[in-house]
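Written below as structure tokens is the structure these notes are about.
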Amino acid sequence: MNDDRPLTGQIRRHGPPPTLSEYEDCGGYAPVRTMLSHMTPEDVQQEVMNSNLRGRGGAGFPTGQKWSFVPMGADAPRPKYLVVNADEMEPGSFKDRLLLEGHPHRLIEGIIIAAYAIQAECAYVFVRWAYHPSVIALGRAIREARETGLLGHNLLGSGFSLTVHVHTSAGRYICGEETALLNALEGHPVIPRSKPPYPQVCGLWGKPTIVQNVETVCNLPHILAHGAKWFRNLGKGKDAGTKLYAVSGRVKQPGVWELPIGTSMREILEHHAGGMQEGYAFRAMQPGGGSTGFLTEDHLDLAMDFDSLSSVGSRLGTGTAIVLDDRTCPVGFVRNLEHFFAQESCGWCTPCRDGLPWVERLLADIDNGNGRPQDVEILERHVTLLGPGRTYCAHAPGAMEPLKSALRYFRSDFDRHIHDQRCPWKSQGTEA
């Protein structure tokens with residue numbers, strides 16, 4: 001195991017993922033064996049709490065604290081469920097795919113640890129519909145684990161039993177909201193649920209349920225193997241562990257890298273992504289996927305962690321950055337994002353159902369040279385009316401983050417489109 005890159009150190013650049021025997025030769029499943037024989041569920045919860053592991057799906061909620069809300073003891077409702085969100089529909093995000101295809105046994109081991117900690121008898125991996133290689137790799141790993149007694153009834157004679165299922169998503173972005181995901185698993189319309197009650201108490205089929213991201217779960221074997229203090233020391237600042245960072249756009253080396261959480265945006269962009277391609281200059285980036293606010297060159301020395309990005313009006317999100325270059329129209333860029341979010345609205349609440357298509361139409365008018373000065377004011381009102389606390393879930397507020405920051409940093413571009421009645425990038429033959 002590579003201690004500097006615990007998540008990706010065993011992933012092969014080319015070739016199939018490690019088999020069960022190869023994984024065990026490198027220490028795989030040893031933490032599970034130790035856990036089942038020497039630790040109580042409360043011990044595991046406390047170790048994860050001490051590690052300061054925060055969810056890697058976007059919200060950054062402390063994992064151990066999330067688990068602590070699950071009812072425990074003989075009187076707790078049964079069965080309990082663990083659901084791993086592997087849908088990964090966030091625009092610009094492709095980090096979980098690396099883990100699913102590159103090392104499925106690490107995810108399976110993390111699932112066993114999380115399920116034992118909350119005493120869940122059944123786990124589901126909710127996988128994005130297009131991730132066919134991930135489904136195949138997971139299926140093979142689950143069979144191998146089941147055949148050797150690591151899954152199924154009475155794991156390794158411990159008295160703890162766990163069944164793992166892979167569920168292929170039909171492909172809706174709203175499934176990134178955990179209660180909408182649970183409705184999808186139950187076969188109901190994919191809309192978010194009212195909270196409270198929260199899934200930790202009343203989730204899948206009305207039973208206690210924990211929903212975790214793939215990257216979060218893959219950290220668990222290393223925390224049990226090396227300890228909470230080791231994990232905390234991996235980070236560069238307040239946050240703990242490593243993080244999968246990714247960059248897409250007009251950079252020389254787009255990709256995904258495992259780095260200490262808190263690595264600066266500049267280091268990721270210039271050192272790991274190789275800087276901008278020839279003929280292109282950096283203008284801005286969305287640090288955590290399509291639903292995060294733009295940041296400019298003034299922010300490149302910020303740490304890519306939860307609190308640092310929140311302090312300047314953006315979010316770490318998934319840690320997968322999308323770069324906007326100087327030859328791409330920011331109005332067209334945001335229009336494309338809002339088209340996606342309008343399409344993916346579940347339609348449950350009026351602000352999201354009607355507001356997002358209105359935002360998209362206004363952006364289309366501006367982009368096509370038909371914008372009016374008052375359109376920008378209407379867009380600014382939508383940023384507030386579709387913001388936090390105004391809608392049933394976080395879908396529309398997430399969609400407003402890139403628009404809000406675009407109006408702040410690229411206002412002159414919007415005004416120029418409206419004044420000239422055309423997109424300057426299209427007229428110059430550059431990309432819109």
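The values are calculated or read from the model by the stated rules, or taken from the named source; none is laboratory data. Treat the numbers as computed from the prediction; the structure is a model and nothing was measured. Counting neighbours? That spans all protein chains shown, and the Cβs are built from the backbone with ideal geometry, glycine included.
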In the range 236-257, anything farther than 18 Å from HIS272 by Cα and under 19 Å from the mean Cα position of the chain (by Cα) is listed as ASP239, ALA240, GLY241
Going by the structure shown, is THR296 in contact with a helix residue (DSSP H, G or I) (Cβ under 7 Å, 6 or more places away or on another chain), closer than 30 Å to GLU338 by Cβ, β-branched (Val, Ile, Thr) and surrounded by fewer than 21 Cβ atoms within 10 Å (Cβ to Cβ)? yes
For the range 169-185, enumerate the residues that are among the small types (Gly, Ala, Ser) and farther than 13 Å from VAL127 by Cα. ALA180
Between a residue in the range 127-149 that is assigned by TED's automatic domain parsing to the domain that holds TYR29 and under 13 Å from VAL166 (Cβ atoms) and any residue that is among the small types (Gly, Ala, Ser) and assigned to a helix (DSSP H, G or I), which pairs come within a Cβ distance under 9 Å, given they are 6 or more apart or on different chains? VAL127/SER134; ARG128/SER134; ALA137/GLY102
What is the residue count in the range 104-122 for residues that are crowded, with 23+ Cβ neighbours inside 10 Å and either assigned to a strand (DSSP E or B) or not assigned by TED's automatic domain parsing to the domain that holds VAL214 (or both)? 0
I'd like the full set of residues that are buried (at least 18 other Cβ atoms within 10 Å of the Cβ) and either free of Cβ contacts under 8 Å to residues at least 12 places away in the same chain or closer than 25 Å to HIS165 by Cβ (or both), limited to the range 42-51. VAL44, GLN45, VAL48
For the range 52-70, what are the residues that are in a loop (DSSP other than H, G, I, E, B), buried (at least 16 other Cβ atoms within 10 Å of the Cβ) and not aliphatic (A, V, I, L, M)? ASN52, GLY55, ARG56, GLY57, GLY58, GLY60
Restricting attention to the range 30-75, report how many residues are at pLDDT 95 or above and either within 15 Å of ILE113 (Cβ to Cβ) or small (Gly, Ala, Ser) (or both). 29
Return the residue satisfying two criteria in turn: it lies in the range 384-415 and is of a type in the set (A, V, I, L, M) and either in contact with an Asp or Glu (Cβ under 9 Å, 6 or more places away or on another chain) or surrounded by 19 or more Cβ atoms within 10 Å (Cβ to Cβ) (or both), and of such residues it is farthest from VAL190 (Cα to Cα). LEU407
Please pick out the residue among PRO189, PRO221, PRO197 that is in contact with an Asp or Glu (Cβ under 6 Å, 6 or more places away or on another chain) and either under 20 Å from ILE174 (Cβ atoms) or not assigned by TED's automatic domain parsing to the domain that holds CYS349 (or both). PRO221
What pairs come up if the first residue lies in the range 302-315 and is closer than 16 Å to ARG408 by Cα and touching a residue at least 40 places away in the same chain (Cβ under 8 Å), the second is among the acidic types (Asp, Glu) and in a loop (DSSP other than H, G, I, E, B), and their beta carbons are under 6 Å apart, counting only those six or more places apart or on different chains? none
Give all pairs with beta carbons closer than 9 Å in which a residue from the range 262-273 that is at positive phi meets a residue that is crowded, with 16+ Cβ neighbours inside 10 Å and among the polar types (S, T, N, Q); count only pairs at least 6 apart in sequence or on separate chains. GLY262/SER308
Only one of these conditions is not met by CYS346: (1) more than 30 Å from GLN253 (Cβ to Cβ); (2) of a type outside the set (D, E, K, R); (3) surrounded by fewer than 18 Cβ atoms within 10 Å (Cβ to Cβ); (4) modelled with pLDDT under 95. Which number is it? (3)
Subset tally (residues that are part of a helix (DSSP H, G or I) and either within 19 Å of ALA59 (Cβ to Cβ) or free of Cβ contacts under 8 Å to residues at least 12 places away in the same chain (or both)) for the range 356-403: 14
Can you find, within the range 271-285, the residue that is surrounded by the fewest Cβ atoms within 10 Å (Cβ to Cβ) among those that are of a type outside the set (Phe, Trp, Tyr) and out of contact with any Leu (no Cβ under 8 Å at 6 or more places or on another chain)? GLU278
Out of everything in the range 164-178 that is in contact (Cβ under 8 Å) with a residue 60 or more places away in the chain, of a type outside the set (Asp, Glu) and part of a loop (DSSP other than H, G, I, E, B), what residue ends up being nearest to PRO104 (Cα to Cα)? SER169
